[in-house]
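For reference, the structure discussed in these notes is given below.
A short reminder: the numbers here are calculations on the coordinates, not readings from a lab. Note that the structure is predicted; figures quoted are calculated from it, not measured.
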């Protein structure tokens, strides 16, 4: 069985979340996802932050200096197509509003209330719905296991 490691960043603002409507993607075609993200490069396998920063630069032209509060908030696992897919979901805020464009599809600010109506990959949908209900009001890192019946999220607590 192969592993597929992916990362995504959701940029938040007063009015909602910046989402990307992916066009022409093998993994999430014609669906909404975070504003930037993708697969890990070999030198990033133990560093999801490095991967998300590279993806932000490549897809949005943003660096770490353009955002604040970049934090890993969710790690999810799903078994699909003979792979274990592990997703690392980051959240951050833009330091200042600006016009952004993506080479991967159409970017748009989506009000929090409209997020549940978006067409999304199943794990991303479960994660963002949990974020809207609970995650955005905490600084907790959550782990999630996705099964056919849904995703179970638990706080990932550090302990000895």
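Quick look at the numbers
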read-out: Residue of 112, 90, 137 that the Gaussian network model of the chain assigns the largest fluctuation, springs spanning Cα pairs under 10 Å; value: 137
read-out: Considering only the chain, percent of DSSP beta bridges that pair antiparallel, nearest 5; value: 65 percent
read-out: Of (1) 14; (2) 8; (3) 38, the label for percent of Cα pairs over 30 Å apart derived from the coordinates; value: (2)
read-out: Of 56, 80, 127, the one that fluctuates the most in a GNM where the chain has Cα springs shorter than 10 Å; value: 80
read-out: Choice from 96, 136, 49 showing the highest fluctuation, given a GNM over the chain with Cα pairs closer than 10 Å; value: 96
read-out: Percentage relative contact order, the chain, counting C-alpha pairs under 8 Å, at least six apart; value: 28 percent
